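The values are calculated or read from the model by the stated rules, or taken from the named source; none is laboratory data. Treat the numbers as computed from the prediction; the structure is a model and nothing was measured. For neighbour counting, all protein chains shown are included, and Cβ atoms are generated from backbone atoms with ideal geometry for every residue, glycine included. Heavy atoms of the whole protein, side chains included, go into the accessibility calculation; ligands, DNA and RNA do not. Shrake-Rupley method; radii C 1.70, N 1.55, O 1.52, S 1.80 Å.
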Amino acid sequence: MNFVIKNLSKSFDKKEVLRNIDFTFESGKIYGLLGRNGAGKTTLFNCLNRDLKSDGGSFYLETDGVKREVLADDIGYVLSTPTVPEFLTGRELLKFFVDIHGDRIGQPKPLDEYFDDMKIAAEDRDRLLKDYSHGMKNKMQMLVNIISRPNILLLDEPLTSLDVVVAEEMKQLLRTIKDNRITIFSTHLLDLALDLCDEIVLLSHGELELVDKADLDSGEFKEKIIEALKEEYDG
Amino acid sequence: MVNTFKKSFALKNTYRANTILYAIKQIPLIKKLLPDNPYKVKGVKTFANIIAIIWECGDAFFGKLLYFIMLSLSAVNLFKTGSSSGVFLHMLVLLTLVGGLLNTDMFEPSRDKYYAIFSLKFDAKKYAVSNYFYELAKFAAAFTLFGIIFGMLSGLKLWQCLLIPLFVTGVKICAAAFTLIYYESAGKAPAQTVFGKLRWLIALLLVAAAYGLPALGLVIPQYISIAVMAVFIVLGAVFARKIIKFNNYREIYCDILNESVIDKNAVNIIKEQSYKSISTDGTIESSKKGFEYLNELFIRRHKKILWSASKKTALICAAVFAALIIAVIVVPEGKEIANKFLVSSLPWLLIIMYAINRGTGFTRALFINCDHSLLTYSFYKTPGHILKLFKIRLKEIIKINLLPAAVVGAGLEILLILSGGTDDFVNYAVVVIAPVALSIFFSVHYLTIYYLLQPYNAGTEIKSGMYQVIMYITYMVCYIMMQIKIPTLYFGLAAIAFCILYCIIAGVLVYKFAPRTFRIRA
C-alpha cells in the first residue's frame, strides 16, 4: 500500500506554504519529516487530516495499482499538544474509542491490556483526563489513535516535550506498530529523526524531498541535511 | 521622570494602535482594505496612532461626560427633595468615594504595565508615579470642565464647582496612599486581602446611600458635603508626598503582575472555569455505548452548569411567580394590571426566555471540554457521526431548558386565571405553549449556530465575527420585542409558528452544512 500526494498546495495570504507537493509514502516505513520552524509541517498534516482545506491537489491510497480515497478512519493524527476530552477518565475515553471503532478493531482486548501496553499505571486509568500530566495525555492520545489501526499515522512533534523515559517508550512503540501502515513523524530534532526513522524527508521551499542516504556515514548524512535546510534560509 | 513617561506613553500608544489594527483586520470586507502586513506600512500605522490618541482623549472625557449627565439627570429628575445642587453634591461626594475605593488604576494588573516594567525594564517608580499623575491630570481636566458646566447647571456657585476636581483627585490620592501605607506595614496590597472583598461591600453601601437616601427624602446637607470635600482636598495634598516618596513600587508590581497577567486573559479564564465545571464525583458512570455513552457522561459531569443551573432557574421562576400570584390575590389593583399585562405584553416573554436559556453555556462547555479535543480526530468529523451527535445533543439541551419553561408556562396560566381570565380561550393555551415553544426555539437556535458556525479556534478563542453578530442580533431582537405591545393571542400564535418553522429550517441547514462547517477554526 502506498500513500500518494499529488500537486498539493496551500497558501496563506500571499505566502505559499505548500507548493505543488508530489510524494509517495510506502507502507511499513517510518518517515521523518524534517523542516525548520515554520516550514509548514503542521500545515501539511492539517491538510492531510482535512482540518484545513487545501488550495489544490489530491491524495489517495494505492494498493496494487488500485487507487482509493483516504477515508476519515484511515488517518490517525497525534498533535504536538495532546488534546483529549477533559471530562472523561482514561478508561472512558478508551471505551468510547473501542465502541466507535468496533468494526475495525474486531475482537477488542480487555481495556486494561491496552493500558498495560502503553505503561499507564493502574491507579491513573480511572482518573479524569483533565488531571493527567502532559506526558500521560500524550500517551492516551497515542493509544486512541493507534487503537483504530489507521493506515496512515501522522505524528506532529510528538516526543518533543516528553521526559526521556516516556520518549523512549514511545519510540519503541512506534517501531512495533510500523508494519502495514505509513507513519509520518514531523520533528525539527535531527538526531531524533535519524534515530527513529527509516527515511528522512525534508520540507523546504514548500516542497517534499527525500534525502538519499546512499553510502554516507551518519556524520556526513547529518551535514547534508543541515546544508539542505540552510539553503532555504539563504535562498 | 518626564523621559520615562514619554517612553511609557509611546509604548502604550503603540500597543493600542496595534490592537486597533488587529481589530480592523478581524472585520469582514473592511479587512480587505488593509495590506497583508499593516503593522509595517507607515501610513496605516499613522492612522492607527491617530485613532489611539483620539481614543485616549475620548477615554479622558467621554466617560466622565456620561457620568455627569447621569448625575445631573438623577439629581434633577429623580429626587424632588431638597435643592438640586444639594442632591448633586450628595451623589457626587458618595460616588467619588466609591470610585476611590474601587478604581485603583495604579494597582490594577494590566499587560501594558507588565510589558513596561518587566519586559522593557522601565524604572518602576518613575513609571508608576509619572503615569499616576498623568491619570490624575486627565481626571482633573475632565472634572474641571464638566464640574463647572454641570455644577453650575445644578445651581452650585463657581467656587464650589472648582472644588470638585480638587476633591476627586484628593480622594484618589488618599486611596493610593492608603494602599502604599498598607503595603509597607502588611507586605501585600490591600486588594489581595480581606479588604479586597470588603471594599465591594462598602462601595455597595455607598452607592445605595447615594441613590437611596435622596429617594427617601434624606440628603446630606450641602455644608457637610463641602466640608467633606475640603477635608479630602487637604488630605490629598498631604498624602501626595507619600506617593512621590514611596520607593517599593517594583515590589508591589512583582506581587500583582506575575506571569498570570499575561496568561490570564479572558480566554484562559473561561477555559479554566470550564474545566472547573467538570464534576469529579467518582460515582458517575454510564451503561450506554458509543456516542450515547459520550453524551451521558458529558451531561452528568456537567450537572452543575446544566441540570443544577436549570433547576435553580426553575426554582427562582417558581418563587417569582408565587410572589406575583400572592400579590394578585392580596392587592386588588394587582389583578387588573396583571391581566392587562398578560393579554397585551407577552413579547416580554422573549427576553425572559432568552435570559433563562442555558444554550450558550452548554455549547461553550461542549466545545472547550469536549469538541475542542475530539474534533482533531477524523472519525468525529464524518457526516454520519456529526449528525448523530447533533441529534443526541439537541434532545438533551431541549430537555434541560424545558423545566424552567414549563414553570414559566404554568405560572403565567395561574396568573391569567386568577387575574380575571380572558374571553378568548385560545389565550389559555397560548400562555403555556408559547414559553415552551420559545424555549425549544432558543435551544435549537444556539446548538444550530454552534454547529453551523463553530466559532472557536484551537485556542478556544471565538474567531467568528458572524457568530458574534448573530448573538448580538438575538439579544437585540429580544430587547426590542420587549417594547412592543400586541395582543397575546397574535404574538403567541406567531411565536409558536415561528418556532416550528425555525426548527425545520435549522434541521435542514444542519443536515446540509454541518458536516462541512463543524470544524476547528484555523
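Things worth noting here:
- Any hit, segment A:44-53, residues being in contact (Cβ under 8 Å) with a residue 24 or more places away in the chain, more than 9 Å from chain B (Cβ to nearest Cβ) and surrounded by fewer than 21 Cβ atoms within 10 Å (Cβ to Cβ): no
- Any hit, segment B:407-420, residues being among the aliphatic types (A, V, I, L, M) and under 29 Å from the mean Cα position of the chain (by Cα): yes
- Checked against (1) modelled with pLDDT of 90 or more; (2) touching a Leu at 6+ places or on another chain (Cβ under 6 Å), A:Gly135 passes all but condition (1).
- Total residues in segment B:368-384, condition more than 7 Å from chain A (Cβ to nearest Cβ) and either closer than 12 Å to A:Tyr77 by Cβ or at pLDDT 90 or above (or both): 4
- In this structure, B:Phe379 does not satisfy being aromatic (Phe, Trp, Tyr) and farther than 30 Å from A:Leu154 by Cβ.
- Some residue of segment B:343-355 being touching a helix residue (DSSP H, G or I) at 6+ places or on another chain (Cβ under 6 Å), within 14 Å of another protein chain (Cβ to nearest Cβ) and open to solvent by 10 Å² or more (accessible area, probe 1.4 Å): no
- Residues located in segment B:268-293, provided they are free of Cβ contacts under 8 Å to residues at least 60 places away in the same chain and among the aromatic types (Phe, Trp, Tyr): B:Tyr293
- Note on segment A:137-153: among residues that are assigned to a helix (DSSP H, G or I) and touching a Ser or Thr at 6+ places or on another chain (Cβ under 9 Å), the one that is most open to solvent (accessible area, probe 1.4 Å) is A:Lys137.
- Among residues of segment B:187-213 that are within 17 Å of B:Tyr253 (Cα to Cα) and free of Cβ contacts under 8 Å to residues at least 40 places away in the same chain, none has a Cβ under 8 angstrom from a residue that is outside any helix (DSSP H, G or I) and open to solvent by 60 Å² or more (accessible area, probe 1.4 Å) at a sequence gap of 6+ or on a separate chain.
- Here A:Glu113 meets each of (1) out of contact with any Leu (no Cβ under 9 Å at 6 or more places or on another chain); (2) free of Cβ contacts under 8 Å to residues at least 24 places away in the same chain; (3) within 12 Å of chain B (Cβ to nearest Cβ) with one exception, condition (3).
- Index of the failed condition, B:Tyr127 passing every other in (1) crowded, with 21+ Cβ neighbours inside 10 Å; (2) farther than 26 Å from B:Asp255 by Cβ; (3) of a type outside the set (D, E, K, R): (2)
- In this structure, B:Ile337 does not qualify as in contact with a helix residue (DSSP H, G or I) (Cβ under 8 Å, 6 or more places away or on another chain) and open to solvent by 60 Å² or more (accessible area, probe 1.4 Å).
- The helices (runs of 4 or more DSSP H) located wholly in segment B:258-323 that include 1 or more residues which are at pLDDT 80 or above and assigned by TED's automatic domain parsing to the domain that holds B:Gly411 occupy B:290-301.
For every residue, the table says whether it meets (1) open to solvent by 60 Å² or more (accessible area, probe 1.4 Å); (2) assigned to a loop (DSSP other than H, G, I, E, B); (3) not polar (S, T, N, Q).
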{"residue": "B:His445", "(1), (2), (3)": "no, no, yes"}
{"residue": "B:Tyr451", "(1), (2), (3)": "no, no, yes"}
{"residue": "B:Thr460", "(1), (2), (3)": "no, yes, no"}
{"residue": "B:Met466", "(1), (2), (3)": "yes, no, yes"}
{"residue": "B:Lys485", "(1), (2), (3)": "yes, yes, yes"}
{"residue": "B:Tyr490", "(1), (2), (3)": "yes, no, yes"}
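- When residues of segment B:300-311 are limited to those that are open to solvent by less than 60 Å² (accessible area, probe 1.4 Å), more than 10 Å from every other protein chain (Cβ to nearest Cβ) and not small (Gly, Ala, Ser), the one farthest from B:Asn401 (Cα to Cα): B:Ile305
- In segment A:97-110, the qualifying residues are those that are more than 8 Å from chain B (Cβ to nearest Cβ) and in contact (Cβ under 8 Å) with a residue 12 or more places away in the chain, and the one that is farthest from A:Ile184 (Cα to Cα) is A:Val98.
- Checked against the criterion of being in the same structural domain as B:Asn247 (by TED's automatic domain parsing), free of Cβ contacts under 8 Å to residues at least 24 places away in the same chain and either surrounded by fewer than 19 Cβ atoms within 10 Å (Cβ to Cβ) or part of a helix (DSSP H, G or I) (or both), the candidates B:Ala137, B:Ala141 yield just one match: B:Ala137.
- Qualifying residue in segment B:312-323 (condition: polar (S, T, N, Q) and more than 23 Å from B:Leu402 (Cβ to Cβ)): no
- Qualifying residue in segment B:387-400 (condition: modelled with pLDDT of 85 or more and within 13 Å of another protein chain (Cβ to nearest Cβ)): yes
- Some residue of segment B:417-426 being part of a helix (DSSP H, G or I) and either of a type in the set (Gly, Ala, Ser) or buried (at least 22 other Cβ atoms within 10 Å of the Cβ) (or both): no
- As for segment B:156-175, it holds at least one residue that is touching a residue at least 40 places away in the same chain (Cβ under 8 Å) and not in a helix (DSSP H, G or I).
- Annotation note: Cβ proximity below 6 Å between a residue of segment B:481-502 that is among the charged types (D, E, K, R) and a residue that is at pLDDT below 85 and surrounded by 13 or more Cβ atoms within 10 Å (Cβ to Cβ) (sequence gap 6+ or interchain) occurs for B:Lys485/B:Ser344; B:Lys485/B:Ser345.
- Of all the criteria given as (1) away from every other protein chain (no Cβ under 14 Å); (2) over 22 Å from the mean Cα position of the chain (by Cα), the one not satisfied by B:Ile473 is (2).
- Of all residues in segment B:282-294, exactly one satisfies the criterion of being more than 10 Å from chain A (Cβ to nearest Cβ) and farther than 12 Å from A:Glu92 by Cα, namely B:Thr283.
- One residue from A:Leu129, A:Leu162, A:Leu154 being more than 12 Å from chain B (Cβ to nearest Cβ) and not small (Gly, Ala, Ser): A:Leu162
- Looking only at residues in segment A:2-43 that are aromatic (Phe, Trp, Tyr) and under 13 Å from A:Glu209 (Cα atoms), the one that is nearest to the other protein chains (Cβ to nearest Cβ) is A:Phe25.
- When residues of segment A:183-226 are limited to those that are of a type in the set (Ser, Thr, Tyr) and at pLDDT below 90, the one surrounded by the most Cβ atoms within 10 Å (Cβ to Cβ): A:Thr187
- Residues (more than 8 Å from chain B (Cβ to nearest Cβ), touching a strand residue (DSSP E or B) at 6+ places or on another chain (Cβ under 6 Å) and open to solvent by 20 Å² or more (accessible area, probe 1.4 Å)) located in segment A:70-96: A:Ser80
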